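Take a look at the structure set out below.
The values are calculated or read from the model by the stated rules, or taken from the named source; none is laboratory data. Since the structure is predicted, the reported quantities are computational estimates derived from the model, not experimental observations. Here the Cβ is made from the backbone with ideal geometry for all residues, glycine too, and neighbour counts use every protein chain on show.
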Ligand SMILES: NC(=O)c1ccc[n+]([C@@H]2O[C@H](COP(=O)([O-])OP(=O)(O)OC[C@H]3O[C@@H](n4cnc5c(N)ncnc54)[C@H](OP(=O)(O)O)[C@@H]3O)[C@@H](O)[C@H]2O)c1
């Protein structure tokens with residue numbers, strides 16, 4: 001039996017990932033920072049709700065204690081994330097971004113990932129087949145951001161791509177430090193969710209595809225990589 005935690009799973013890609021992993025036979029903890037939204041979403045798909053705000057040490061520690069007491073963890077999907085758009089769904093570019101805006105976004109997208117990894121690592125290291133999936137973005141790719149022929153090149157924001165590049169760095173460093181774990185970053189693709197005011201061109205079913213696939217790789221899968229549905233993505 002595989003036990004999986006998906007953070008930020010009360011809606012969007014996280015909810016679809018949780019739904020598919022329940023269908024694949026995993027026992028899924030559906031992380032949500034809001035108890036009511038979490039309970040409702042978990043009931044909908046047959047998951048276990050767990051209160052988890054990735055920006056809050058006490059919340060993450062309490063969630064890890066609950067999961068440990070109920071038997072441990074095999075798969076962690078670090079999915080919770082924010083894009084930090086401004087008024088009217090506007091992406092905030094270099095002319096306007098401030099250190100405070102960036103710090104707030106990094107608190108969720110970067111420090112949140114480290115906070116959750118730190119709390120759940122002892123549980124994962126006790127698993128026979130531990131897997132971590134960090135939900136990154138195509139915008140993390142410096143190769144993409146610097147190549148005018150790639151759509152990511154035209155994205156004007158600063159904080160969000162920088163946060164996901166940091167997630168990729170974290171992925172590589174954890175993968176090297178813990179060779180018994182499979183630790184990978186994934187790019188779901190531009191998906192219609194609340195994150196982007198539902199302007200994405202893919203459905204959540206399409207977007208969750210690579211997240212689910214990498215959550216199910218098991219002991220013999222790759223580690224330290226960055227993948228989308230079509231295969232490896234350039235760093
Ligand atoms: N959509 C895309 O095109 C796209 C592309 C590439 C990567 N991604 C990544 O995919 C992941 C999921 O995004 P999405 O598109 O599904 O967006 P979404 O529908 O807005 O979902 C984001 C989820 O993260 C949760 N969250 C935000 N801050 C949190 C916190 N402090 N603690 C716990 N949960 C928190 C949200 O909870 P609340 O409901 O409480 O706000 C929500 O459940 C993100 O990491 C995002 O960067 C998305």
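Can you pull out every residue in region 72-116 that is without any contact (Cβ under 8 Å) to a residue 24 or more places away in the chain and outside any strand (DSSP E or B)?
From region 72-116, those without any contact (Cβ under 8 Å) to a residue 24 or more places away in the chain are 86-88, 90, 95-96, 98-100, 103-104; that's our starting set.
Residues satisfying the conditions are 87, 88, 95, 96, 98, 99, 100, 103, 104.
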Members of region 210-235 that are surrounded by 20 or more Cβ atoms within 10 Å (Cβ to Cβ) and assigned to a helix (DSSP H, G or I): 210, 211, 212, 214, 215
Consider region 146-174. How many of its residues are surrounded by 15 or more Cβ atoms within 10 Å (Cβ to Cβ), within 14 Å of the ligand (Cβ to nearest atom) and not in a loop (DSSP other than H, G, I, E, B)? 13
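Among the candidates 21, 13, which residue alone is more than 9 Å from the ligand (Cβ to nearest atom), touching a residue at least 60 places away in the same chain (Cβ under 8 Å), touching a strand residue (DSSP E or B) at 6+ places or on another chain (Cβ under 8 Å) and assigned to a helix (DSSP H, G or I)?
Numbers: 13 fails: more than 9 Å from the ligand (Cβ to nearest atom).
Going through 21, 13 in turn, the sole match is 21.
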Does any residue in region 33-59 that is on the phi > 0 side of the Ramachandran plot come within less than 9 Å, Cβ to Cβ, of a residue that is at pLDDT 95 or above six or more places away or on a different chain, and which pairs are these? 46/19; 46/22; 46/23; 46/28
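I'd like the full set of residues that are without any contact (Cβ under 8 Å) to a residue 12 or more places away in the chain and either within 15 Å of the ligand (Cβ to nearest atom) or crowded, with 20+ Cβ neighbours inside 10 Å (or both), limited to region 175-200.
The first filter runs over region 175-200 and keeps only residues without any contact (Cβ under 8 Å) to a residue 12 or more places away in the chain, leaving 177, 198, 200.
Answer for region 175-200, where residues must be without any contact (Cβ under 8 Å) to a residue 12 or more places away in the chain and either within 15 Å of the ligand (Cβ to nearest atom) or crowded, with 20+ Cβ neighbours inside 10 Å (or both): 198, 200.
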